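Before any comments, here is the structure.
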C-alpha cells in the first residue's frame, strides 16, 4: 500500500498527496502507545465498525523507499508534518511526491502550492548541520527533493516538511495522524 495523505477530506475536491514509486510492501509501524482506545462507527453497516483501536503518538512507514523512512505527525498548530529519515548510502533523489491536482513551486519561497494548500520546502539536517535543500518539479503533479552536498556515509537525520492548509477543516478537530491512510 502506498503512503498517501488526503488534505481537507470533506471538501468537494480533496487534495491527495502520495509518494509515487514507493515501496508498497512495507507496513506502518506504530510506536508510543498513548493508552487510549478509539472506536469508529461510520455508516449503517455494523460489520464495518471498528472498536477499541489503540492510539499512538507516532507511526512510521519503514523503507518507503530503500533506506528511507516516513514519519508523519501533527504539530501544536494542528498542521501535518512529516519527516523522511534517510539512512547512510540511501538515495533521497528517489523520493517522488505526487499531488492529485496540478501544483506549482513558489519562485520566492520554494514552497509547494497545491490549490489553497502550502507545503514548505524541506529543512534537512545531517547531525547538527543544516544541508541545503529544496523541491524540484518533474511533472505538473510530481515533485522530488533537491539536496545539496552532504556525507552520504552518514544519515540525514531529518527531512522535515510542514503541510499547511489555508482551508479550515469542517466539523470538530481531528487527529492529523488519521489523515495518513493506505490507498
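On full extension of the chain, what length is gained from residue 21 through residue 140, given 0.36 nm per residue of separation minus the C-alpha to C-alpha distance? Could the numbers behind the result be given before it?
On the way: separation 119, 0.36 × 119 = 42.84 nm, distance 1.64 nm.
Length difference between fully extended and current span is 41.2 nm.
Among 81, 32, 142, which comes first, second and so on when ranked by fewest other beta-carbon atoms within 10 Å?
On the way: 81 18, 32 10, 142 15.
Lowest count first: 32, 142, 81.
At 0.36 nm per residue, minus the direct Cα-Cα distance, what do residue 107 and residue 125 gain on full extension? Give it in nm, one decimal, please.
On the way: separation 18, 0.36 × 18 = 6.48 nm, distance 2.28 nm.
Between residue 107 and residue 125, full extension yields 4.2 nm more.
Taking N as the number of residues in region 68-113, what value does Rg over Cα atoms divided by 2.2 N^0.38 Å take? List each step's numbers first, then the result.
Details: Rg = 13.3 Å, N = 46, 2.2 N^0.38 = 9.4 Å.
Expressed relative to 2.2 N^0.38 Å, the Cα Rg reads 1.41.
Bear in mind that the values in this text are calculations on the coordinates, not laboratory data. All values derive from a computational prediction rather than experimental measurement. Glycine also receives a Cβ, built like all others from the backbone with ideal geometry; neighbour counts cover every protein chain displayed.
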